[in-house]
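Written below as structure tokens is the structure these notes are about.
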Amino acid sequence: MNLLDLLDNRVLLAALLGWLVAQVLKVVLVFLEEKRLDLSRMVGSGGMPSSHSALIVAMATSVGKYAGLASVEFAIAAAVAMVVMYDAANVRREAGRQAELLNRIVLDLYRDNHLDQEKLKELLGHTPVEVAAGALLGIAVGWFV
């Protein structure tokens, strides 16, 4: 087994490139909107476009391209992609909303007591538009890799 064989795996390369392009786009979009360079967006969750969607759809697109749309492999990849995108737009987004509410409650409770509190991460999921943008990016990357 040769680790260099990974470089020949077009499906894996498409998935990783989809993720990378989406993460770089997050940094660029934050820079354009807020006029500040936030490199933490390279590893952060949430935001435009969804890197989860870009990665999984690039993988599924690439599997469809190489194994065929009627293949078992594509069926599995497409089903996993649907689960990941649903999770990003619904489950993780709701968890982020709950974190935002809990942060407000904790701030109100501890504001006058000068106690330290750990702020929960609020940017966890994606809007449907962010998921769709990630999916479109994934299709493009998966097709052209």
### Task
Search segment 1-40 for residues being of a type in the set (Asp, Glu) and not in a loop (DSSP other than H, G, I, E, B), and hand back the single one that is farthest from Ile139 (Cα to Cα).
Glu34
### Query
Of the residues that make up segment 129-138, is at least one at pLDDT 75 or above and surrounded by fewer than 16 Cβ atoms within 10 Å (Cβ to Cβ)?
yes
### Task
Considering only segment 81-101, state which residues are surrounded by 14 or more Cβ atoms within 10 Å (Cβ to Cβ) and either at pLDDT 95 or above or not acidic (Asp, Glu) (or both).
Ala81, Val84, Met85, Ala88, Ala89, Asn90, Arg92, Arg93, Ala95, Gly96, Ala99
### Query
Regarding Leu32, is this residue at pLDDT 90 or above and either under 17 Å from Glu130 (Cβ atoms) or more than 16 Å from the chain's Cα centre (by Cα) (or both)?
yes
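The values are calculated or read from the model by the stated rules, or taken from the named source; none is laboratory data. Bear in mind that the values here come from a model prediction, so they are computed numbers and not experimental data. A quick note on method: Cβ atoms are made from the backbone with ideal geometry, for glycine too, and the neighbour counts reach across all protein chains shown.
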